[in-house]
1. Between Rg and the Kirkwood Rh of the chain, both from Cα atoms, what is the Rg to Rh ratio?
2. Once Lys and Arg get +1 and Asp and Glu get -1 on their Cβ, which of Leu84, Gly301, Val116 lies farthest toward the positive end of the dipole of the chain?
3. What value, in deg cm²/dmol to 500, does the helix sum -39500 (n - 2.57) over DSSP H runs of n ≥ 4 give at 222 nm once divided by the residues of the chain?
4. Using 1/(1 + (r/R0)^6) with R0 = 30 angstrom and r between the beta carbons of Leu264 and Lys312, what's the FRET efficiency to the nearest 0.05?
5. Hey, rough spin-label estimate for Ala407 and Ile197, points 7 angstrom out along Cα→Cβ, what's it come to in nanometres?
6. Picking from Leu274, Leu338, Leu137, which is most flexible by a Gaussian network model of the chain using Cα springs under 10 Å?
7. Normalised by the residues of the chain, what does the relative contact order come to in percent, with Cα pairs under 8 Å and at least six apart?
8. Stokes-Einstein D for segment 68-227 at 4 °C, 1.567 mPa s, Kirkwood Rh over Cα pairs, in µm²/s?
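Please treat every number below as a calculation from the coordinates, not as lab data. Model, not experiment: these values are computed from the prediction. Please note: Cβ atoms are built from the backbone with ideal geometry, for glycine as well, and neighbour counts cover all protein chains shown.
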Amino acid sequence: MTATLETPQTRQPEPEIEAAPSWRMPIGLGVVGLIAFIIFGLGTPGGTSTTFVVSRTQDAIQIPSWTLPAQPFAILFTICALLLAGVSAWGVATRRKLGTWLPILYGLAVIAAVLVWAGAGKSSTSIQVTGLLIGALVLATPLVFGALAGVVCERSGIVNIAIEGQLLAGAFMAALVAGAATSMTGSATVGAYAGLIAAPVAGAFLGVLLSLFAVRYWVDQIVVGVVLNVLAVGLTNFFYGTVMKTNPDLNRAIGLPDLPIPLLSDIPVVGPVLFDQNLLVYLMYGLVVVLNVMLFKSRWGLRVRAVGEHPKAADTVGIKVNRTRVRNTILGGAIAGLGGAFFTVASGLAFNKEMTGGKGYIALAAMILGRWSPKGALAAAVLFGFADSLREQFGIIGTSIPSQFLAMLPYLATIFAVAGLVGHVRPPAAENIPYKK
């Protein structure tokens, strides 16, 4: 017998096995749409109406309010959601990629049905559209910073569970420095900006500890993150009781001033929502753009992603793997610390124990839902912020939904979004794996 040598020219390519389409999204959209049709469509009382107020009294350009017959429109919106679920099923059956427009339209249809149902028959109250959107953006601000911190760390291979602690440390440091600077200068504005500058330092400190144990001592990164969260709670509670309680001037309700952008802030709806905010929100806009460009369009971003995906290959071409991870972890901690300033100086509130309320964990969910991308994290964080703002709106207009369920709404949105909308996602391949030379 003569052996045949198989050359690259004669070797037959192996057939690619196409992955089976996932029915998770169509089923999830269909179930949620059916529930919405029963509860919000058929459950809306007939003969009632819902009023949507678009403009605020102080807006330069006034848009007339809308009054809609409640039940017909609630049914219409839920039927649209069911049709979109059917389109999603058709796309899976025919193996067509429909894009992100479908879940966006689906979400808008369900939200519209919920708002119509909530405002039905409320003659003394109305749905404040601009206020709802402003609340969504403001409440999403710390989530965006936390999610960006997670993106920067995990793209280099470090799992940052300590975002909750970094947010809390940033909030504490911002309040402490703002109070001290206000006492020294006599200006609350100067104090607020001083607190904004100090907040990233506290977050970066926890980032140093995370990088030390994860990179130098090869401790499991998830365990270290949980421990750092507990450490942040303990330290802030201790200094709150020993420093701030005995010196009330160090814990004042100091807020950043709003900085409306001329002309842009006068645009109806969009202007008050996007261009009449404080400096922290504008920093959020810039940070999302800069990180998105740097991660995917620069040499630095290429190296960071290489370290997170294949550190051995990155090392062979001269990239310092552990140095890159340390720097990114500290940078991520500083970003999260800056987001922590939202809870104190950006919101005009004094510091209180554990005031972050689990927002760091929601930020992690936003990072996953956003597929480790800055712009995706922004979109996911705004979604969760909208759920939180919707809870506040429901509390104002008064609905039959129990207040306990309304308090759960942002967290339920987090669970459903991560479980049903993301589908299968792949994190950076080398995360939570120490690089040992």
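1. Rounded to two decimals, Rg/Rh equals 1.04.
2. Gly301
3. So the calculated ellipticity at 222 nm is -20000 deg cm²/dmol.
4. For Leu264 and Lys312, the calculated efficiency is 0.05.
5. So the label points at Ala407 and Ile197 sit 3.9 nm apart.
6. Leu274
7. 24
8. 64
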